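S.K.: Below you'll find the structure I mean.
The values are calculated or read from the model by the stated rules, or taken from the named source; none is laboratory data. Remember, it's a predicted structure, so these values are computed and weren't measured experimentally. Please note: Cβ atoms are built from the backbone with ideal geometry, for glycine as well, and neighbour counts cover all protein chains shown. Each accessible area value is taken on the protein alone, full model and side chains, heavy atoms only, with ligands, DNA and RNA left out. Shrake-Rupley method; radii C 1.70, N 1.55, O 1.52, S 1.80 Å.
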Amino acid sequence: MFKYHFLRIKHKRLPVSTKFKDAMLSVVICTRNRIGALKQCLLFMIESARHFLRDWELIIVDNGSSSEIFQEISTIAGVQLLPLVIIIEPLAGLSNARNRGLKYAKGEIVAFTDDDCWVDENWLDNIHEAFEQNKEVALVGGRVDLANSRDANISVRSFDQDQPVASFEDIQKYMIGCNFAVRKSAFDAVGGFDPYLGAGAVAKSAEDLDFFYRILMWGGVIHYSAACRIVHAHGRFELAAIQRQSANYIFGRGFWIAKRILMGETNFWRHIYWELVSAGKDFRVSHSLYLLGGLSTGFIVYAFRLRK
């Protein structure tokens, strides 16, 4: 299991109308140099907060923004409705930022979304209900639709029906890192996000895949809930941006599979084989190269780590 190191820092609280202690639900949003997207995200969170009558907290983790986001956020109309805390994680990488948010969170349930996502007005209520209705569930994933129809149909999960998530294939199909919630007890059991994975790290992605899979291997119940809906305003409609993001996903997946193989799960060679076969049928040479590049890099990184 990975060991994580956190810095003790002062954090800033925005003024709120009520003091929230021992919040049942914590929401974590990690951000870096996207104040415009973050402001839009918070406007939708404010609307969801109007409908949510239970104790909760919103944690924004600033992962090294070049400008001061505290002053920017404090000017948003209605921000006083949010039980908001801003903290700083100076170590670059989405995994480090998410680990900081999880470490700080007081809630029994910790929900994650991204700064370029807009939550449904009932998002907070529906996350609460998803865990209340099933006391056995450890992790809940939610529906993700496109905010703009011109954007590429990537980074979405638009399934209408609730589904149990019981396999690696189910995780790939139904789960995504921009919309999920986990019991704090499950996080405590499996450990945090792998700092080698995710945006800003060497693997570029797959921190969510890794976390979901470890919850599943631990024996945690995972469920996809269509009612826990957000829309993703990722803004990728130009071919270069789409190809770059797709390449990061493929590279990260190969990197992560190297980790699982080195941990003794040799059955993952099968996933590499079939993905390469599929790419070959479609003449996607670049797909194969990104996958093998991630796999080889992952072997080097994790093998080196195991020797320490």
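S.K.: I need the full set of residues from the stretch 187-200 which are open to solvent by 20 Å² or more (accessible area, probe 1.4 Å), in contact (Cβ under 8 Å) with a residue 12 or more places away in the chain and of a type outside the set (Ser, Thr, Tyr), in order please.
M.R.: Listed by number, the residues that qualify are PHE187, ALA189, PRO195, ALA199, GLY200.
S.K.: Scanning the stretch 108-132 for residues that are more than 13 Å from VAL27 (Cβ to Cβ) and among the aromatic types (Phe, Trp, Tyr), which turns out most open to solvent (accessible area, probe 1.4 Å)?
M.R.: Going through the qualifying residues, I end up with TRP118.
S.K.: OK, next. Look at the stretch 141-158 and say how many of its residues are over 28 Å from TRP269 (Cα atoms), buried (at least 16 other Cβ atoms within 10 Å of the Cβ) and within 19 Å of the chain's Cα centre (by Cα).
M.R.: Matching residues across the stretch 141-158 total 5.
S.K.: Note down all Cβ pairs under 9 Å where the first residue falls in the stretch 160-172 and is over 17 Å from ALA206 (Cα atoms) and assigned to a strand (DSSP E or B), the second is open to solvent by less than 40 Å² (accessible area, probe 1.4 Å) and of a type in the set (S, T, N, Q), and they're at least six residues apart or on different chains.
M.R.: Pairs found: GLN163/SER225.
S.K.: Residues to consider are VAL277, VAL285; find the one that is out of contact with any helix residue (DSSP H, G or I) (no Cβ under 7 Å at 6 or more places or on another chain), open to solvent by less than 70 Å² (accessible area, probe 1.4 Å) and among the β-branched types (Val, Ile, Thr).
M.R.: On the way: VAL285 fails: open to solvent by less than 70 Å² (accessible area, probe 1.4 Å).
It is VAL277.
S.K.: So which of ALA247, ALA279, ALA258 ends up being part of a helix (DSSP H, G or I), closer than 19 Å to ALA303 by Cβ and among the aliphatic types (A, V, I, L, M)? Explain how you work it out, then say what you get.
M.R.: Numbers: ALA247 fails: closer than 19 Å to ALA303 by Cβ; ALA279 fails: closer than 19 Å to ALA303 by Cβ.
ALA258 is the lone residue from the list that is part of a helix (DSSP H, G or I), closer than 19 Å to ALA303 by Cβ and among the aliphatic types (A, V, I, L, M).
S.K.: Let me ask you something else. Could you figure out which of (1) surrounded by fewer than 19 Cβ atoms within 10 Å (Cβ to Cβ); (2) acidic (Asp, Glu); (3) more than 16 Å from TRP123 (Cα to Cα) isn't true of ASP55?
M.R.: Only one criterion in (1) surrounded by fewer than 19 Cβ atoms within 10 Å (Cβ to Cβ); (2) acidic (Asp, Glu); (3) more than 16 Å from TRP123 (Cα to Cα) is unmet by ASP55, namely (3).
S.K.: Okay, moving on. Surrounded by fewer than 22 Cβ atoms within 10 Å (Cβ to Cβ) and modelled with pLDDT under 95: which single residue out of ALA166, ALA92, ALA77 fits that description?
M.R.: Being surrounded by fewer than 22 Cβ atoms within 10 Å (Cβ to Cβ) and modelled with pLDDT under 95 holds for just one of ALA166, ALA92, ALA77, which is ALA77.
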